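What follows is a set of notes on a single structure, which appears directly below.
The values are calculated or read from the model by the stated rules, or taken from the named source; none is laboratory data. None of the values given here were measured: they were computed from a predicted structure. Glycine gets a Cβ as well: all are built from the backbone with ideal geometry, and neighbour counts include every protein chain shown. Calculation scope for accessible area: heavy atoms of the full protein, side chains included, ligands and nucleic acids excluded. Shrake-Rupley method; radii C 1.70, N 1.55, O 1.52, S 1.80 Å.
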Amino acid sequence: MRTFLLAPVIISMKRHLILLFLIAVASPLLYGQYGLHLQFAREHLASQQFQPANILFQPAQKFAVGSDVGFWAANNNISFDALLLEDNFVSEEAKQEILDQLNGSTQFQAGFQAAYGHVNVRIKDQLWSFSFRDKFNLGLGFENPNTAGLILEGNADYAGQTVSDDDVRFHLIQYHELAIGRGFQWGKIKAGVHAKLLAGRNMVQVDPLSYSLFTESDGSQIDLTGDFAYADDQPASGYPTGFGGVIDMGIIYEYSEKITFQASILDVGAISWDSRELTGDESFSYEGFDLGDLIGDDGSGDFVFIADTLENTFVIDSQETRITTVLPTRISLGGTYQLNEKSQLLVSLHSGLTSFAPSLGIPLLHLGYDRKLKSWLNIGGSLYGGGGDLYGVGLHGRAGIPVGEDKKIGVILSADNVLGLVIPSISRGISLNGGLSFTW
């Protein structure tokens, strides 16, 4: 396959885009989408990250400690089997399968979270929670599927054409989160609030990039125009240089013995970074060279590379500044209906409110079922439609195992979507969560 030559600055840009693209489409480590099951596992510590009011469902014991981990992957176009790598290599067949499935606007989302410690403690009949987590969020979006073609295959396939995209975005943040929570109760209403201090560790942001690229049919000339804003904060020392805060809020209304309603809003806030910002609005043309220029006019054979013509040389504005990153805020509404002593139905509706929040623009509807098998063991399943990956099937199991008088070990495993593991050819996402706690 013939590949037309791009100027070094374009080649460098392309290498970065390939790296970002492959990170987004191939990573299986993405932060627990919504906690579709976990939000209803009210007696477990891990559920409080998705429904802060669950702190009030802690048993009468005075102290609980635990940890949890979660990840998820979602995109709205590409099946998971197309993203599975062999020996960390993307074959030409895999690239073509990805490109064949792209259709219209595309978003990839990524994230990961791990709680190093979560503690609930009762102080003078008031319940408080304290937790420390590490979180990672990544997102990549573009409007034109040919953007992915340029990244994966280069511009040779688009000879004689103009390829353009007005909305290419990339977002990566990693941060520590220290949270303090408190529960409140007024009659049938339970409420919870988390106040969180954030320490940013890593940030890269392109928001947005627009471009137009034309390649002559014979490869003799390439014209590129682009407008971009790039910012990053990647401290070599490893110490945080970004700081911010967020609030989580949740409420549960016990309407009757059989029916409850609930709502939550999570990650309302931002991080401010000490950042390097690069901006540009550029036009570039590459016209190649002819043999006379290559060997020199005097026939000496000296290599004289003089024919690369820059209509406008790339001039990038760089400045040290502070950049604010708004976190992926999400909101949910839901409820439960108790069918009998052992079974209940679960329903919830979720939506993202900010850029790269899960299900931005497409609300997610979740329907679930929970069954108590033993006094200490529950299992269940669910279906959802909408969201970043459009549909999914979930499973969960949780246990509260007595280990002595007034002592209990809690274990929970939950997958909002297991299709990515079981049938990757029809799935566009995967989500897994797990938690362990000890209460006395």
Subject >> Of residues in the range 212-244 being within 30 Å of Ser272 (Cβ to Cβ) and in contact with a Leu (Cβ under 6 Å, 6 or more places away or on another chain), the one modelled with the lowest pLDDT >> reply: Phe228
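If you check Phe136 against the conditions, is it touching a Ser or Thr at 6+ places or on another chain (Cβ under 8 Å), within 23 Å of Ala73 (Cα to Cα) and among the hydrophobic types (A, V, I, L, M, F, W, C)?
Working: touching a Ser or Thr at 6+ places or on another chain (Cβ under 8 Å): no; within 23 Å of Ala73 (Cα to Cα): yes; among the hydrophobic types (A, V, I, L, M, F, W, C): yes.
When the stated conditions are applied, Phe136 does not pass them.
Return the residue satisfying two criteria in turn: it lies in the range 409-421 and is of a type in the set (A, V, I, L, M, F, W, C) and closer than 10 Å to Leu395 by Cβ, and of such residues it is modelled with the lowest pLDDT.
We begin by selecting, within the range 409-421, every residue of a type in the set (A, V, I, L, M, F, W, C); these are 409, 411-413, 415, 418-419, 421.
Right, trim to closer than 10 Å to Leu395 by Cβ and you get 413, 415, 418.
Details: Leu413: 92, Ala415: 88, Val418: 85.
Among residues in the range 409-421 that are of a type in the set (A, V, I, L, M, F, W, C) and closer than 10 Å to Leu395 by Cβ, the one modelled with the lowest pLDDT is Val418.
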**OP:** Give the residues of the range 157-183 that are among the hydrophobic types (A, V, I, L, M, F, W, C) and modelled with pLDDT of 95 or more, sorted by residue number.
**Re:** Leu178, Ala179, Ile180
**OP:** Looking only at the range 287-302, decide whether some residue is closer than 30 Å to Thr336 by Cβ and either open to solvent by less than 50 Å² (accessible area, probe 1.4 Å) or at pLDDT 90 or above (or both).
**Re:** no
Original post:
For the range 123-155, which residues satisfy the criterion of being of a type in the set (Lys, Arg) and over 17 Å from His44 (Cβ atoms)?
Top reply: Lys124, Lys135
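Suppose we filter Thr225, Thr162, Thr215, Thr241 for residues that are touching a helix residue (DSSP H, G or I) at 6+ places or on another chain (Cβ under 8 Å) and not basic (Lys, Arg); which single one remains?
Numbers: Thr225 fails: touching a helix residue (DSSP H, G or I) at 6+ places or on another chain (Cβ under 8 Å); Thr162 fails: touching a helix residue (DSSP H, G or I) at 6+ places or on another chain (Cβ under 8 Å); Thr241 fails: touching a helix residue (DSSP H, G or I) at 6+ places or on another chain (Cβ under 8 Å).
Thr215 is the lone residue from the list that is touching a helix residue (DSSP H, G or I) at 6+ places or on another chain (Cβ under 8 Å) and not basic (Lys, Arg).
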Original post:
Which one of Ser351, Ser437, Ser431 is open to solvent by less than 80 Å² (accessible area, probe 1.4 Å), under 27 Å from Thr260 (Cα atoms) and in contact with a Lys or Arg (Cβ under 8 Å, 6 or more places away or on another chain)?
Top reply: Ser351
Original post:
Which is surrounded by fewer than 22 Cβ atoms within 10 Å (Cβ to Cβ) and modelled with pLDDT under 80, of Ser359, Ser375, Ser425?
Top reply: Ser425
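Please determine whether any residue of the range 127-137 is open to solvent by 60 Å² or more (accessible area, probe 1.4 Å) and in a loop (DSSP other than H, G, I, E, B). Before the answer, list the steps.
Initial filter on the range 127-137 (open to solvent by 60 Å² or more (accessible area, probe 1.4 Å)): 128, 130, 132.
Keeping just the survivors that are in a loop (DSSP other than H, G, I, E, B) gives none.
So far as the range 127-137 goes, no, none of its residues is open to solvent by 60 Å² or more (accessible area, probe 1.4 Å) and in a loop (DSSP other than H, G, I, E, B).
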Original post:
How many of the residues in the range 318-343 are touching a residue at least 40 places away in the same chain (Cβ under 8 Å), more than 17 Å from Tyr384 (Cα to Cα) and either open to solvent by less than 60 Å² (accessible area, probe 1.4 Å) or charged (D, E, K, R) (or both)?
Top reply: 9
Original post:
In the range 206-229, is there at least one residue being out of contact with any Pro (no Cβ under 9 Å at 6 or more places or on another chain), over 30 Å from Ala148 (Cα atoms) and of a type in the set (S, T, N, Q)?
Top reply: no
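Output the residue which, of all residues in the range 45-65 that are open to solvent by 10 Å² or more (accessible area, probe 1.4 Å) and not in a helix (DSSP H, G or I), is modelled with the lowest pLDDT.
First, the residues of the range 45-65 that are open to solvent by 10 Å² or more (accessible area, probe 1.4 Å): 45, 49, 56-63, 65.
Next cut, not in a helix (DSSP H, G or I) only: 58-63, 65.
Numbers: Gln58: 77, Pro59: 64, Ala60: 57, Gln61: 63, Lys62: 72, Phe63: 86, Val65: 93.
Here the answer is Ala60.
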Subject >> Odd one out for Asn202, checked against (1) under 28 Å from Phe130 (Cα atoms); (2) free of Cβ contacts under 8 Å to residues at least 60 places away in the same chain; (3) in contact with a Phe, Trp or Tyr (Cβ under 7 Å, 6 or more places away or on another chain) >> reply: (3)
Original post:
Residues Gln107, Gln113: which one is closer than 28 Å to Arg201 by Cβ, open to solvent by 20 Å² or more (accessible area, probe 1.4 Å) and assigned to a strand (DSSP E or B)?
Top reply: Gln107
Subject >> Members of the range 144-191 that are surrounded by fewer than 17 Cβ atoms within 10 Å (Cβ to Cβ), part of a loop (DSSP other than H, G, I, E, B) and touching a residue at least 24 places away in the same chain (Cβ under 8 Å) >> reply: Gly160, Gln161, Lys188
